[in-house]
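Right, one structure below, let's go through it.
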Amino acid sequence: MCVIVHHIMKFSKIYEDEHCLIIDKPVGVMVHPDGRSKEETISDILKKEYKEVEDVGDEDREGIVHRLDKDTSGVLMLAKDQATFLYFKRLFKEHKVRKVYRAIVEGNIREDTGMITAPIARARSDFRKRTTVDMFSKDSRGTEREAQTRYKVIGRTTHDGKKYTYVECFPITGRTHQIRVHFRSIRHPIIGDELYGSSEGSKEAVRSMLHAYSVTTFLPEKGETTFIAPIPDDMKETLASLGFLC
């Protein structure tokens with residue numbers, strides 16, 4: 001079963017029943033408060049629209065099952081009651097939620113498919129960042145967490161003498177900034193991602209070109225279901241400007 005997005009409220013709703021809400025998170029909106037910014041978040045909007053979520057999940061993250069970065073668009077799962085929150089959290093912990101992302105990265109990735117396996121830890125140099133951990137790295141601190149990301153190349157192009165790749169990403173684990181950190185680690189940072197060192201690509205994109213394209217999970221009343229958030233307009237425009245045919 002495949003469910004496509006339609007628009008409602010302040011964000012695009014993909015699916016809703018009495019237990020959960022699955023949305024297409026817009027770019028530029030935080031999922032939950034970070035303790036520093038006073039911007040309205042997805043969690044804030046959810047509590048305004050659904051009073052029943054006030055006691056669901058964690059404080060200041062009511063209803064939030066997982067997160068997407070502020071400049072990442074796409075599928076986000078939200079719980080409307082505590083039982084559903086705990087159910088979804090268990091599915092994530094048991095790796096029974098399959099997520100697919102799309103990204104535009106610098107350079108032409110040589111292999112059509114591959115796996116990036118590199119532990120991730122907090123960075124010493126910047127409290128906002130994560131870094132891969134290897135024998136050469138001096139920037140990591142704290143706990144190292146194993147991380148794996150599969151990928152498949154959708155297309156490659158050259159624009160103004162510079163190379164780019166459109167890639168589909170399949171995170172096996174769910175570490176903070178995992179896809180962004182992993183592609184930087186293989187010297188193919190996501191274009192527009194200023195935090196993780198996209199130098200050439202920052203001129204080609206107004207934000208990090210990373211989109212949570214689909215989530216496949218099991219809903220008790222619907223069975224295995226795939227939820228899709230279409231590629232946003234700014235990403236389509238960037239693909240077209242770089243000369244991608246896909």
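Read the figures in this text as sums done on the coordinates, not as results from a lab. Everything quoted here is computed from the prediction, not taken from an experiment. For neighbour counting, all protein chains shown are included, and Cβ atoms are generated from backbone atoms with ideal geometry for every residue, glycine included.
If the chain between A240 and K48 were fully stretched, how many nm would it gain, using 0.36 nm times the residue separation less the Cα-Cα distance?
Working: separation 192, 0.36 × 192 = 69.12 nm, distance 3.78 nm.
Here the segment from A240 to K48 would lengthen by 65.3 nm.
Kindly put H32, H182 in sequence by how many other C-beta atoms sit within 10 Å of each C-beta, fewest to most.
Values: H32 19, H182 25.
Fewest to most other Cβ atoms nearby, the residues stand as H32, H182.
Using Cα centres only, tell me the gap between region 39-107 and region 168-185 in whole Å.
18 Å
For region 12-81, rounded, prolate or oblate, judged on the Cα gyration tensor with a ≥ b ≥ c (square roots of eigenvalues), a/c < 1.5 rounded, else prolate if a/b > b/c?
Details: a/c = 1.91, a/b = 1.16, b/c = 1.65.
Oblate, because a/c is 1.5 or more while a/b does not exceed b/c.
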